[in-house]
Every structure is written in structure tokens, then in C-alpha cells.
Amino acid sequence: PPRDDKEQAGKTLSGAAFLFKIVTYLASLLIGILFIKFLPTFTRKTSESIIQKPVNNFGVGVLVVILAPISVLILFVSLVGIPLAIVTVISLLIELYLAKIFVSLAIGWKILKSLGQQSNDVLALTLGLVIYTILSSIPIIGWIAVIFVIITGMGAIVSVKRDFYKQLRAKNLI
């Protein structure tokens with residue numbers, strides 16, 4: 001009888017993990033569609049950057065992963081910097097989540113292009129997220145892929161935000 005309990009617990013955990021993957025997929029899809037609809041230029045430029053400059057974006061992402069915690073720690077040490085540190089942490093967590101969406105969109109574009117399909121952002125995102133979700137479920141290989149996706153996506157987000165800042169600055173808008 002104790003073996004049956006362990007098997008049942010394992011099945012329950014597997015079912016919960018599968019449900020979690022589906023909910024996470026749907027949430028990412030919804031957020032991605034909102035970005036496509038309401039921030040089309042930023043979304044397109046970020047995903048294009050992933051395709052055009054993957055090595056640069058990975059490098060920038062590595063710098064962000066190394067330097068962001070150090071800067072947050074310095075801000076926390078100074079009492080005046082605590083609010084800025086909190087905002088920075090929240091911003092980084094959001095970027096961590098969004099990274100997979102932009103990379104998934106880029107992957108979807110590449111696949112649709114290789115199949116000779118017309119570029120449809122929602123279809124590309126849907127396809128890319130399915131591939132990301134399946135790939136991230138594979139032990140060890142999936143973890144490596146997730147780390148690569150997060151670092152590359154964060155690098156692209158930071159690079160595109162920097163480019164937008166430079167453009168706005170050149171036009172004296174900020």
C-alpha cells in the first residue's frame with residue numbers, strides 16, 4: 001500500500017506540473033499578444049535584434065546578469081537608494097519574464113520563414129512559445145536553453161531600450 005501512495009503522489013505532481021506549464025504558456029501568449037498589439041515597434045525591434053545580433057545580445061545579457069545584482073546591492077546598502085533598488089529588482093524580474101516572449105517570437109518568425117509562410121506575429125509567437133515550452137521541459141538541455149533564452153532576451157531588451165533612449169535623446173524629447 002505505501003508504494004501506491006507514492007505512485008499516486010507522483011501522478012498528482014506530474015499533473016500539477018503539466019497544468020502549470022499550460023497556464024504559464026497561456027499567460028505568456030496573452031502578454032505577448034498584448035505587446036504585439038500595444039507596443040508593436042518595441043516588440044518587433046527586440047525580436048529582430050535577437051535574430052540579427054544574437055551574440056551581441058547574449059553578451060549584453062551576461063553583463064546585465066553580472067552587473068545588475070551588484071548595482072542593486074550597492075543601492076540597498078545606501079539608505080537613500082533602497083527605493084531605486086526595489087524598482088530595479090522589479091524591473092529586472094519583469095524583463096526576466098518577458099525575455100522568453102521576445103525570443104519565442106523570433107524563433108516563430110524564423111520557422112515560419114523557413115516554411116515559406118507569411119509573417120504573422122501572433123502565429124509566430126504561438127509557435128515559438130510551444131517550442132520554448134517543450135524545450136524547457138527537457139531535463140538539463142531545457143535548463144541550458146532557458147538560461148540561454150533569458151540571457152539573450154534580456155540583452156536584446158536592454159539593447160533596444162538603449163537604442164530608443166538614444167533616438168529620443170537625439171530628438172531632444174527627453
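The values are calculated or read from the model by the stated rules, or taken from the named source; none is laboratory data. Worth saying up front: this structure is predicted, and the values here are computed from it rather than measured. Positions of Cβ are backbone-derived with ideal geometry, glycine not excepted, and every protein chain shown enters the neighbour counts. What goes into the accessible areas is simple: the full protein's heavy atoms, side chains included, and nothing from ligands, DNA or RNA. Shrake-Rupley method; radii C 1.70, N 1.55, O 1.52, S 1.80 Å.
At-a-glance table
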read-out: Inverse of mean 1/r across different Cα pairs in segment 40-107, Kirkwood, Å; value: 13.2 Å
read-out: Folded to 0 to 90 degrees: helix 82-114 orientation relative to the chain principal axis, Cα; value: 70 degrees
read-out: Segment 82-174: trypsin sites (Lys or Arg not before Pro) in DSSP loop, at most 16 other beta carbons within 10 Å; value: K171
read-out: Charge sum, other residues only, whose C-beta stays under 12 Å from M154's C-beta, Lys/Arg counted +1 and Asp/Glu -1; value: +1
read-out: Rounded to 10°, Cα long-axis angle of helix 2-38 versus longest principal axis of the chain; value: 30 degrees
read-out: Length-normalised contact order for segment 52-133 - Cα pairs under 8 Å, 6+ apart - percent; value: 21 percent
read-out: With Cα atoms, 0 to 90° folded angle of helix 141-170 axis to the chain main axis; value: 20 degrees
read-out: Extension reserve of the L92-I33 stretch, reckoned as 0.36 nm per residue once the Cα distance is removed; value: 19.2 nm
read-out: Whole-Å semi-axes of segment 51-174's equivalent ellipsoid (Cα gyration tensor); value: 30, 20, 12
read-out: Cα centroid separation, segment 27-105 to segment 112-174 (Å); value: 11 Å
read-out: Formal net charge of residues neighbouring W109 (Cβ-Cβ distance under 14 Å; K, R +1; D, E -1); value: +2
read-out: In Å², nearest 10: area of I86 left accessible to a 1.4 Å probe; value: 80 Å²
